[in-house]
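The values are calculated or read from the model by the stated rules, or taken from the named source; none is laboratory data. Remember, it's a predicted structure, so these values are computed and weren't measured experimentally. Reconstructed Cβ throughout: ideal geometry from the backbone, glycine too, with neighbour counts over all protein chains shown. Each accessible area value is taken on the protein alone, full model and side chains, heavy atoms only, with ligands, DNA and RNA left out. Shrake-Rupley method; radii C 1.70, N 1.55, O 1.52, S 1.80 Å.
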Amino acid sequence: MNQWDKYAREYDKMMGETGDIPHQKLIDPAISQFLGDVSGKVILDAGCGNGYWTRRLAAFAQEVVGIDNSKEMIRIATRRGVPSNASFKLADLTKSLPLEDGYFDLILSSMVLHYLPDIKPIAKEFKRVLKRGGKLVFSICHPKCESFKKKELR
């Protein structure tokens, strides 16, 4: 069991279908601007959590695949609903992804990459599964937030 399996239910309560206050007010509006028009796009939601972005994007995209390393998150995402043009899969971003080469027009990875021990393997995988000329949109915690967490742990 990974750490996100333990906290999946709490995370889902906090995020719901619209995200918590920081996501609603800061993170998601910025992501939406960078995503632009997703109509007809094939999208990977890398680190989909409870799947709220996957479902949101599926309303406009051709297809959306949400992946997460937590079995419990995938279970919750599936329970919340899977649009006909979306799917959820268990996948570890630190390993080779079970996805086709050059398949995605766009990859979204919201508030995920800062949790990975090494960005190089996932950057390589993102390049592999992204179509030539595709787009990667990601967000990470501001380093200032991370410094507060480290101080609290001492």
Notebook entry, point to check: Considering only residues of segment 108-148 that are touching a Leu at 6+ places or on another chain (Cβ under 7 Å), open to solvent by 50 Å² or more (accessible area, probe 1.4 Å) and part of a strand (DSSP E or B), which is modelled with the lowest pLDDT?
Noted result: Phe138
Note to self: Out of the residues in segment 26-42 meeting the condition of being farther than 14 Å from Ala58 by Cα and of a type in the set (A, V, I, L, M), tell me which one is surrounded by the most Cβ atoms within 10 Å (Cβ to Cβ).
What the structure shows: Ile31
Next item on the list: For segment 10-29, state whether one or more residues are farther than 17 Å from Met111 by Cα and in contact (Cβ under 8 Å) with a residue 40 or more places away in the chain.
Entry: no
Checklist line | Sole exception among (1) open to solvent by 10 Å² or more (accessible area, probe 1.4 Å); (2) closer than 22 Å to Asp28 by Cα; (3) outside any loop (DSSP other than H, G, I, E, B) for Lys89, by number | finding: (2)
Next item on the list: Within segment 75-115, work out how many residues are among the aliphatic types (A, V, I, L, M) and in contact with a Cys (Cβ under 8 Å, 6 or more places away or on another chain).
Entry: 2
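Here's the yes/no breakdown for (1) out of contact with any helix residue (DSSP H, G or I) (no Cβ under 9 Å at 6 or more places or on another chain); (2) part of a loop (DSSP other than H, G, I, E, B):
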| residue | (1), (2) |
| --- | --- |
| Ile31 | no, no |
| Leu44 | no, no |
| Cys48 | no, yes |
| Ala61 | yes, yes |
| Thr78 | yes, no |
